[in-house]
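The values are calculated or read from the model by the stated rules, or taken from the named source; none is laboratory data. It should be emphasised that the depicted structure is a prediction, and the values quoted were computed from it without experimental measurement. Cβ coordinates were reconstructed from backbone atoms using ideal geometry, including for glycine residues, and neighbour counts include every protein chain displayed.
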Number of protein chains: 2
Amino acid sequence: MNDFTYYTPTKVVFGRGTEQQTGALIQEQSCKKVLLHYGGGSAKRSGLLSRVEASLKESGIDYVSLGGVKPNPRLSLVYEGIELCKKEGVDFILAVGGGSVIDSAKAIGYGVANDGDVWDFYEKKRVPTACLPIGCVLTIAAAGSEMSNSSVITNENGGIKRGCNHDICRCKFAILNPELTFTLPEYQTESGCVDIIMHTMERYLNQAENMELTDGISEALMRTVMKYAKILKKDPTNYNARAEVMWASSLSHNGLTGCGTDGGDWASHQLEHELGGMFDVAHGAGLSAVWGSFARYVYKENPLRFARFAVKVHGIEASGRDLSALPAEEIDALALAGIKAMENFYRSVDMPTSIHELGVDVTDAQIEELAEKCSFGQTRTIGIVKKLDKADIIEIYKAAR
Amino acid sequence: MNDFTYYTPTKVVFGRGTEQQTGALIQEQSCKKVLLHYGGGSAKRSGLLSRVEASLKESGIDYVSLGGVKPNPRLSLVYEGIELCKKEGVDFILAVGGGSVIDSAKAIGYGVANDGDVWDFYEKKRVPTACLPIGCVLTIAAAGSEMSNSSVITNENGGIKRGCNHDICRCKFAILNPELTFTLPEYQTESGCVDIIMHTMERYLNQAENMELTDGISEALMRTVMKYAKILKKDPTNYNARAEVMWASSLSHNGLTGCGTDGGDWASHQLEHELGGMFDVAHGAGLSAVWGSFARYVYKENPLRFARFAVKVHGIEASGRDLSALPAEEIDALALAGIKAMENFYRSVDMPTSIHELGVDVTDAQIEELAEKCSFGQTRTIGIVKKLDKADIIEIYKAAR
């Protein structure tokens, strides 16, 4: 079991109508001026933005607005936000939206609180030493950015998608009202569910001797999201289903499911990051498109772990309770059955299990470029179950084609 | 599903040798003077206190010491600590010990940061508005006070044990080194395991339609602690077992296992508080002594919930997967089998399942007094599954005798 630090200072306020507490929660932060940061028109059309603004006004909070965040949030808007905050003397950022808006807010927060080019932090050239305080009103259960230390930004100059992880960007508060997700299109809902499952699965499928408690929590989380993802396909305004998925989104990526692990194997995320950077696909859909090919490529490095995944998460029956006592062929068969069951789940909620199903017909030349970027110009490998170099990455993209 | 607020700001630093980080972690808090608060001689004898003091000195941190905290921590020592802190200008309290030391530190923190008698907060006459910042080095996995908002103090004047829950007392950091628990006597280890299980079980066995995710996490936690409690009986220096139990202690009582519930049914804790106040018994042992009698007294109010507990936590087989479709007699039988399995687990780790086994032969007059105190002089009922008045409480104490 590995040592760990667990730090989740975000105050979560969960339930119906909780966005009305926005003003009061910001008041607790004793700040002078807020940047209200959001995405496209849906927060406006739904009336959410008006309700949040009413709450700010009621609490006498001064603010400026910056909308226009897109999925795979852009560096150019981050620069714009930094300039606006400096000009207006903003000392708190309120993100109203999903992971893209929160990630953009974190990047702006880094940019205002540190000198120099904020993109340096995403290129790992420097480490941020401060961040403006951030709060959020979440509108989609997916990225887990509401409690995570993570921010992912896309530099349009080259289509490069990079992440920066640091505890100082963790939200001060997160307002989680499951009702705000009732009107999400089915594709976004299910893509979000994939993202949530993958945040846990990438921590779970690794090479460490995990904690039993962390494994048990992770298995419960993955089972829960699969169950309610299916329910939401038929019944998108089911409050309990929305709530289960929303809470799972936060717990999946706040660090809880990684305690005692080796940090997990994030290869699928890294494979997807390049797809997202080049083709601007929905993150969760990109993950489900590559995961099966990735899993089949690496599972033989740790078949027992994949077999446990099959039994505990997918309910596949083994011939004995103690998996480590089973013959190697059965372990192998279980591992493959688990991968297949996962892909079947993805199909059951209309998520892609290939890049083609993602709506992209990727060429050999593009795969070469994706793999070159994913391996940072052949200067790094990705993954832990199996260390994947550029040649491995090419094989996986081809298998996923 | 109920609305909830989840707030766990404590930074957990988990692993071998982590007590050497104490000085650095306090430095982050930028305080001037520390109260080093601890219990009896074991922290001294083991050399832990010296290592912690060395870390403070290395970081140039000024401190005063106050030892002598006993199990069921006393109000008189709390008063002494408050006076000492005020005299010495202490602005940070470091608790080195278990739940009793941390609870005592929280009480001192309340006393220094608020005017008036600190006991008022425990008698619910007033609500604290501030608390000195607190950090801890944990030496026993049990109470979960290292991440909880809870503090329980015993007023020797009348043997009254009362709790005060408020988020402002949550530790700034918690240093969790499982090795520090290697030398605990078996009785304390197992009593701690009971306490951890009960913190989750009291949230789990209630009347709400819980979140599936919270249920799954709670079930994993209880299964994990039962598994490793048995291992620790034979192998007390098993690092992984100590680590699983220690992390479970924190997660069991930091709020996670209550998300979406109705807050849970804390009757067993309240029944035990009176026993602890009158007879000074180990908290966990007191809980296992009364729980079975409590559970048999109330389960008929929610047999389906107790049946789920039997199936998911104790692995008792039901004739179908959908429990709500089973006949009432089978549900009833499952519920009783789950209660029995829990008592069998307690016996397997030499924990009492009656007050007599706790080493106390309680008289009718004492039961009358316990019930009078537990019902706050017949001004409150306890419990949620079934609201228990003084007459009910007497019946349960008698059944547990």
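Some values worked out for this structure:
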quantity: Qualifying residues in the stretch B:239-264 (those that are touching a helix residue (DSSP H, G or I) at 6+ places or on another chain (Cβ under 6 Å) and away from chain A (no Cβ under 11 Å)) - the one farthest from A:ALA248 (Cα to Cα); calculated: B:GLY264
quantity: Answer residue from the stretch A:122-178, given it is over 19 Å from A:SER249 (Cα atoms) and β-branched (Val, Ile, Thr) and is farthest from the chain's Cα centre (by Cα) among those; calculated: A:THR129
quantity: Close pairs from the stretch A:206-235: first within 17 Å of A:ALA310 (Cα to Cα) and more than 10 Å from chain B (Cβ to nearest Cβ), partner modelled with pLDDT of 95 or more and outside any loop (DSSP other than H, G, I, E, B), Cβ under 6 Å, at least 6 apart; calculated: A:MET226/A:PHE345
quantity: Index of the failed condition, A:LYS227 passing every other in (1) over 18 Å from the mean Cα position of the chain (by Cα); (2) crowded, with 21+ Cβ neighbours inside 10 Å; (3) more than 21 Å from A:ALA43 (Cβ to Cβ); calculated: (2)
quantity: Subset of the stretch A:324-365 that is closer than 18 Å to A:ASP280 by Cα and of a type in the set (S, T, N, Q) - its residue that is farthest from the chain's Cα centre (by Cα); calculated: A:THR363
quantity: Close pairs (7 angstrom Cβ cut-off, 6 or more residues apart or separate chains): closer than 23 Å to B:ALA24 by Cα in the stretch B:80-99, part of a helix (DSSP H, G or I) and of a type in the set (Gly, Ala, Ser) anywhere; calculated: B:ILE93/B:ALA105; B:ILE93/B:GLY109; B:ALA95/B:ALA105; B:VAL96/B:ALA43; B:GLY97/B:ALA43
quantity: Selected residue [over 30 Å from B:GLY158 (Cα atoms) and under 26 Å from the mean Cα position of the chain (by Cα)] from B:VAL313, B:VAL290; calculated: B:VAL313
quantity: Test result for B:ILE82, under 22 Å from the mean Cα position of the chain (by Cα), farther than 19 Å from B:ALA142 by Cβ and either more than 14 Å from chain A (Cβ to nearest Cβ) or buried (at least 20 other Cβ atoms within 10 Å of the Cβ) (or both); calculated: no
quantity: Residue within the stretch A:103-110 that is surrounded by fewer than 24 Cβ atoms within 10 Å (Cβ to Cβ) and of a type in the set (Val, Ile, Thr) present; calculated: no
quantity: Some residue of the stretch B:265-279 being free of Cβ contacts under 8 Å to residues at least 24 places away in the same chain, crowded, with 24+ Cβ neighbours inside 10 Å and within 14 Å of chain A (Cβ to nearest Cβ); calculated: no
